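Some notes on the structure that comes next.
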Amino acid sequence: MLSVEISTIYKKGDKTRKVHHVVFSPNMESAQNFREKLSAIGNIKSDGRPILGLDSRNLLETVLESGEGSYIIPAHIWTPWFSVLGSKSGFNSIEECYEDLSSHIFAVETGLSSDPEMNWHVSSLDKFRLVSNSDAHSPSKLAREATIFDTVPDYFSIMNALKTGKGYVGTVEFFPEEGKYHDDGHRKCNICLTPDETQKLNGICPICGKPLTIGVANRVYELSDRKGKIIPPSTAGKVVSLVPLAEILSEIMQVGASSKSVTLEYENLINKLGSELSILTTVPVEDIEKVHSPILAEGIKRLRKGDVIRQPGYDGEYGVIKLFNENEIVKKTL
């Protein structure tokens, strides 16, 4: 599938808007048409994610004109700085951003710092299929979030699944607290706050006195028109929340996730048990115990139940999801 992420930065109303979009083209001809139209507007060769001073509505129009079957999915829609609903530079609705062409938006991306359940609090999003994707700039992180389909793996079948729900199964998600913009705070001041705590402080950091970076949980709460237990909308799919296998091994071994010892253990598990996603979701825990250890089997069992310890991310700092209390792991001595 031909796709690219585009960043649009422009003035609209009383704010500077900064919105990221994922653009899909059905064939090389449409993609070339799109390239030519964008080249007349700005420099699209200087960055893998080109930055254009173009209204999001006009970008969507350009996409639609480039060829039948071309479409946009708004990217990581809650991220504070660069998204359609972001607290710093976004809008209060998809319709406000894309105006008269908003009916051509049929799916939105949740991003690392939110999950479908959080999005279900905002009824205006019910009409959209929720998707999750992973950035291709970090090969080891591919499929840490993903969209699940049960359809022929071709462009138009997938597009149709997103439009109609037929063939759309659901998403693989981070626990949203692990995303680096989940809660409010200031990284430089080492302070992380819940939306309630931020409200009591009137959005001002108690350490430096400057405005706090408002996270995704707070922004979702601000736009929410549903409280308490939420009934999933008809567009909802299956939700699977996971922690990358390397991070689980890192916690058990008490060394860095990118360390050589974790990499060796990771490759050993993949070679013997199959893909990372299958190990995390479907491989019997008895097999994991035989191949590796009882503690990894227990960790996977807890992960599948959602029985995790959550330390939220904030202001660009990733959160931490743990499967064990400190007293459950004996520190490895080398």
Members of region 114-142 found to be of a type in the set (A, V, I, L, M) and more than 14 Å from G170 (Cβ to Cβ), listed by number = M118, V122, L125, A136, L142
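Collect the residues in region 189-219 that are of a type in the set (A, V, I, L, M), buried (at least 21 other Cβ atoms within 10 Å of the Cβ) and in a loop (DSSP other than H, G, I, E, B), keeping them in residue-number order.
L212, I214
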Do any residues in region 12-30 that are not assigned by TED's automatic domain parsing to the domain that holds R57 have Cβ atoms under 6 Å from those of residues that are modelled with pLDDT of 95 or more and not in a strand (DSSP E or B), where the two are at least six apart or on different chains, and which pairs are they?
-> none
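Anything in region 37-70 that is of a type in the set (D, E, K, R) and at pLDDT below 95? List them, or say none. Give the derivation first.
First, the residues of region 37-70 that are of a type in the set (D, E, K, R): 37, 45, 47, 49, 55, 57, 61, 65, 68.
If the condition is that a residue be of a type in the set (D, E, K, R) and at pLDDT below 95, then K37, K45, D47, R49 are the ones that fit.
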Keeping to region 94-111, report how many residues are farther than 19 Å from G185 by Cβ and touching a residue at least 60 places away in the same chain (Cβ under 8 Å).
-> 3
Is region 268-282 home to any residue that is surrounded by 14 or more Cβ atoms within 10 Å (Cβ to Cβ), basic (K, R) and touching a strand residue (DSSP E or B) at 6+ places or on another chain (Cβ under 7 Å)?
-> no
The residue from L269, L249, L277 that alone is farther than 23 Å from P176 by Cβ and either part of a helix (DSSP H, G or I) or out of contact with any Gly (no Cβ under 9 Å at 6 or more places or on another chain) (or both) is L269
Of the residues in region 157-188, those that are surrounded by 15 or more Cβ atoms within 10 Å (Cβ to Cβ) and farther than 22 Å from E109 by Cα number 2
Would you be able to tell me the number of residues in region 51-81 that are in a loop (DSSP other than H, G, I, E, B) and closer than 17 Å to S132 by Cβ?
-> 5
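Could you check region 119-156 and list, in sequence order, the residues that are part of a helix (DSSP H, G or I) and either in contact with a strand residue (DSSP E or B) (Cβ under 8 Å, 6 or more places away or on another chain) or surrounded by 20 or more Cβ atoms within 10 Å (Cβ to Cβ) (or both)?
Within region 119-156, N119, L125, Y155 qualify.
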Just wondering, is there one or more residues in region 225-233 that are in a loop (DSSP other than H, G, I, E, B), among the small types (G, A, S), modelled with pLDDT under 95 and surrounded by fewer than 17 Cβ atoms within 10 Å (Cβ to Cβ)?
-> yes
Has region 32-49 got any residue that is buried (at least 18 other Cβ atoms within 10 Å of the Cβ), in contact (Cβ under 8 Å) with a residue 60 or more places away in the chain and not in a loop (DSSP other than H, G, I, E, B)?
-> no
Filter region 320-334 for residues that are assigned to a loop (DSSP other than H, G, I, E, B) and at pLDDT 95 or above; the one that is surrounded by the most Cβ atoms within 10 Å (Cβ to Cβ) is L323
What residue, among those in region 234-267 that are among the acidic types (D, E) and in contact with a strand residue (DSSP E or B) (Cβ under 9 Å, 6 or more places away or on another chain), is surrounded by the most Cβ atoms within 10 Å (Cβ to Cβ)?
-> E251
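Does G165 satisfy the condition of being assigned by TED's automatic domain parsing to the domain that holds S103, on the phi > 0 side of the Ramachandran plot, touching a residue at least 24 places away in the same chain (Cβ under 8 Å) and within 22 Å of the chain's Cα centre (by Cα)?
So G165 fits the description; yes.
The values are calculated or read from the model by the stated rules, or taken from the named source; none is laboratory data. Quick caveat: nothing in here was measured; it's all calculated off a predicted structure. Every residue, glycine as well, gets a Cβ built from its backbone with ideal geometry; the counts of neighbours run over all protein chains shown.
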